[in-house]
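Enquirer: Let me begin by handing over the structure; questions about it come next.
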Amino acid sequence: MPVIDVNGIQLHYEEAGEGEPVVMIQGTGAGRTVWQLHQVPALTAVGFRVITLDNRGIPPTSEWTEGFTLQDMVGDVAGLIEYLGIGPCRVVGTSLGAFITQELALSRPDLVRQAVLIATRGRTDVLRAAITRAEIELYDAEVELPVRYAAVVRALKSLSPRTLDNGAAMADWLDLFELSPAGGPGHRAQMELSTLDHRLEAYRGIRVPCQVIAFADDLITPPHLAREVADAIPGAAYELIEGCGHYGYLEDPAAVNKAMVEFLTGTAAR
């Protein structure tokens, strides 16, 4: 896996496929491999070269334990695109990755050809701020939750009722969550960035073609907040996918991949 020195850190990335480039950015605490189960195969199958990365804070990329800002993470992605010489290119982000993507589209439109914003928002409401603060306080208290309890809470927060009510699917999800490593100091620093400033007015200045994909049962970035982003960005497309929570791109990858591929290839129905 290649590694580059960029923006003061060592950043690890991986490439798959050939063709026009797509950079994919994951959310809080997640690494590049999450994309590789469903999204990377879908994009390479239609002729894209896909670049996935481990964000600042997620090993093997530098954890940067002193903390960092959203703009630091935007600079990391900009540096990667410039290093590879692929700008302007397509950029896809989910959750925190979508925050990075929309800020990159705003500040460096020369590097972004199209942007897909999955499970995003442009402000932090009272509940989302409270969730983030509570999770940070729990982390800082150094409380070690039982693994099974942590898995159940993660499932309730991240998945749709459709998945929660499916016994076979839930057994697999809970096993997966139990095996997921605990977050380190870099994850802690990323958590701080979930309390996004009110950016909707700024996003009216985005001129890059954007698609917002929202999930009907998303508790972390609910669809009405994602809709606000689509309404703020001139000409942005909006896609609401039913029966999915925050991990909708894993719960219903076929629907997400179809929407994303049609937008990126210009084959969406008009």
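The values are calculated or read from the model by the stated rules, or taken from the named source; none is laboratory data. In this text the structure is predicted, and so the values were computed from the model without any measurement. Glycine gets a Cβ as well: all are built from the backbone with ideal geometry, and neighbour counts include every protein chain shown. When the accessible area is computed, the model is the full protein with side chains, heavy atoms only, and any ligands, DNA or RNA have been set aside. Shrake-Rupley method; radii C 1.70, N 1.55, O 1.52, S 1.80 Å.
Enquirer: If you check A189, A214, which single one turns out to be open to solvent by less than 30 Å² (accessible area, probe 1.4 Å), farther than 13 Å from F99 by Cα, outside any strand (DSSP E or B) and touching a Phe, Trp or Tyr at 6+ places or on another chain (Cβ under 9 Å)?
Expert: Numbers: A214 fails: outside any strand (DSSP E or B).
None of the others qualify; the one that does is A189.
Enquirer: Show the residue pairs meeting these rules: Cβ distance below 7 Å; 6+ apart or different chains; first residue within segment 48-61 and in contact (Cβ under 8 Å) with a residue 12 or more places away in the chain; second residue hydroxyl-bearing (S, T, Y).
Expert: Taking only residues 6 or more apart or on different chains, the pairs are V50/T44; I51/Y13; T52/Y13; L53/Y13; D54/T61; N55/T61; R56/S62.
Enquirer: If L70 meets every condition in (1) open to solvent by 20 Å² or more (accessible area, probe 1.4 Å); (2) more than 14 Å from the chain's Cα centre (by Cα) apart from one, which number is that one?
Expert: Tallying (1) open to solvent by 20 Å² or more (accessible area, probe 1.4 Å); (2) more than 14 Å from the chain's Cα centre (by Cα), L70 fails exactly one: (2).
Enquirer: From the residues in segment 157-170 that are in contact with a Gly (Cβ under 9 Å, 6 or more places away or on another chain) and open to solvent by 40 Å² or more (accessible area, probe 1.4 Å), which one is nearest to I220 (Cα to Cα)? Please lay out each step first, then the result.
Expert: Quick first cut of segment 157-170, residues in contact with a Gly (Cβ under 9 Å, 6 or more places away or on another chain) only: 157-164.
Going one step further and asking which of them are open to solvent by 40 Å² or more (accessible area, probe 1.4 Å), we end up with 157, 161-162, 164.
Values: K157: 7, P161: 14, R162: 17, L164: 16 Å.
The selected residue is K157.
Enquirer: Further, regarding this structure: For segment 86-96, check the following and say yes or no: at least one residue is modelled with pLDDT of 95 or more and more than 19 Å from E15 (Cα to Cα).
Expert: Within segment 86-96, the subset modelled with pLDDT of 95 or more is 86-96.
Going one step further and asking which of them are more than 19 Å from E15 (Cα to Cα), we end up with 95-96.
Yes - at least one qualifying residue is present in segment 86-96.
Enquirer: Taking only pairs six or more apart or across chains, which ones have beta-carbon atoms under 6 Å, a first residue in segment 98-125 that is at negative phi and assigned to a loop (DSSP other than H, G, I, E, B), and a second residue that is among the aromatic types (F, W, Y) and buried (at least 24 other Cβ atoms within 10 Å of the Cβ)?
Expert: none
Enquirer: Let me ask something additional. Does R162 meet the test of being modelled with pLDDT of 95 or more, part of a loop (DSSP other than H, G, I, E, B) and over 19 Å from the mean Cα position of the chain (by Cα)? Please lay out each step first, then the result.
Expert: On the way: modelled with pLDDT of 95 or more: yes; part of a loop (DSSP other than H, G, I, E, B): no; over 19 Å from the mean Cα position of the chain (by Cα): yes.
Answer is no for this residue.
Enquirer: Given (1) surrounded by fewer than 16 Cβ atoms within 10 Å (Cβ to Cβ); (2) under 18 Å from the mean Cα position of the chain (by Cα), where does Q10 come up short, assuming only one miss?
Expert: That leaves (2) as the condition not met.
Enquirer: If you don't mind, another one. Give me the residue from segment 130-144 that is under 25 Å from the mean Cα position of the chain (by Cα) and open to solvent by less than 80 Å² (accessible area, probe 1.4 Å) and, out of that set, nearest to S194 (Cα to Cα).
Expert: First pass over segment 130-144, keeping only residues under 25 Å from the mean Cα position of the chain (by Cα): 130-140.
Imposing the further condition that a residue be open to solvent by less than 80 Å² (accessible area, probe 1.4 Å) reduces the set to 130-132, 134-136, 138.
Values: A130: 11, I131: 10, T132: 7, A134: 12, E135: 11, I136: 11, L138: 15 Å.
Checked segment 130-144; the qualifying residue nearest to S194 (Cα to Cα) is T132.
Enquirer: Now a separate question. Mind checking which residues of segment 233-259 are of a type in the set (A, V, I, L, M, F, W, C), buried (at least 18 other Cβ atoms within 10 Å of the Cβ) and free of Cβ contacts under 8 Å to residues at least 24 places away in the same chain? Can you show your working first?
Expert: Initially, segment 233-259 is screened for residues of a type in the set (A, V, I, L, M, F, W, C), giving 233, 236-237, 240-241, 244, 250, 254-256, 259.
Filter once more, keeping what is buried (at least 18 other Cβ atoms within 10 Å of the Cβ): 233, 236, 241, 244, 250, 255-256, 259.
If the condition is that a residue be of a type in the set (A, V, I, L, M, F, W, C), buried (at least 18 other Cβ atoms within 10 Å of the Cβ) and free of Cβ contacts under 8 Å to residues at least 24 places away in the same chain, then A255 is the only one that fits.
Enquirer: Can you tell me which residue in segment 165-174 is farthest from V34 (Cα to Cα), limited to those that are without any contact (Cβ under 8 Å) to a residue 12 or more places away in the chain and in a helix (DSSP H, G or I)?
Expert: Going through segment 165-174, the residues without any contact (Cβ under 8 Å) to a residue 12 or more places away in the chain turn out to be 165-169, 171-172.
Checking which are in a helix (DSSP H, G or I) leaves us with 167-169, 171-172.
On the way: G167: 23, A168: 21, A169: 18, A171: 19, D172: 16 Å.
My answer is G167.
Enquirer: If you don't mind, there's one more thing I want to ask. Can you tell me how many residues within segment 102-156 are basic (K, R) and within 14 Å of V91 (Cα to Cα)? Explain how you work it out, then say what you get.
Expert: Just the residues of segment 102-156 that are basic (K, R), to begin with: 108, 113, 121, 123, 128, 133, 148, 154.
If we keep only those that are within 14 Å of V91 (Cα to Cα) too, we end up with 108, 113.
Counting residues in segment 102-156 that are basic (K, R) and within 14 Å of V91 (Cα to Cα) gives 2.
Enquirer: Something else now. Testing G87 on (1) open to solvent by 20 Å² or more (accessible area, probe 1.4 Å); (2) without any contact (Cβ under 8 Å) to a residue 60 or more places away in the chain; (3) under 17 Å from the mean Cα position of the chain (by Cα), one condition comes back false. Which one is that?
Expert: It is condition (3) that G87 fails.
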